[in-house]
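Next up is a structure, given as structure tokens.
The values are calculated or read from the model by the stated rules, or taken from the named source; none is laboratory data. Being a predicted model, the structure only gives us computed values, none of them experimental. With ideal geometry, Cβ positions are generated from the backbone for all residues, glycine too; neighbour counts draw on all protein chains shown.
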């Protein structure tokens with residue numbers, strides 16, 4: 001007799017196959033729950049690269065009293081009788097993106113119902129300060145906004161308006 005006889009493999013039963021399938025499915029569900037929890041808790045990376053200095057248009061493109069949103073840059077441009085303001089569209093309370101309500105002539109935050117006036121000052125709600133400003137310049141007839149370092153402020157002052 002040969003010592004190297006083939007070992008007979010016992011076929012797997014249906015009951016054991018179904019048990020393995022349930023164990024595998026449970027492992028996948030638990031893995032997705034763990035991954036989903038960590039993905040939710042882990043800080044998000046910044047989205048698409050946005051230019052920090054950009055030209056919003058010519059001075060003549062803006063009408064007095066008009067508020068123009070630049071969604072990608074998260075910036076609002078306000079043309080006043082005296083000049084321009086470049087405001088951040090990010091609420092200083094929870095960092096939500098505020099919207100301009102043309103009917104009410106106010107900025108509104110969808111996260112917690114804050115309302116800001118057209119100069120970015122808090123009218124109602126919990127934010128600790130007005131909307132931040134960005135450095136703005138008039139270069140060769142173009143309005144140029146620099147988003148590198150937002151300017152935190154306590155209230156609106158006429159000196160914040162960039163004269164034409």
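Given (1) modelled with pLDDT of 90 or more; (2) on the phi > 0 side of the Ramachandran plot, where does residue 24 come up short, assuming only one miss?
Going through the list (1) modelled with pLDDT of 90 or more; (2) on the phi > 0 side of the Ramachandran plot, residue 24 breaks only (2).
Identify, from the list 126, 110, 92, the residue that is farther than 18 Å from residue 52 by Cα and crowded, with 18+ Cβ neighbours inside 10 Å.
Exactly one residue qualifies, and that residue is 92.
What number goes with the only condition from (1) assigned to a loop (DSSP other than H, G, I, E, B); (2) at pLDDT 85 or above that residue 50 does not pass?
All conditions pass for residue 50, except number (2).
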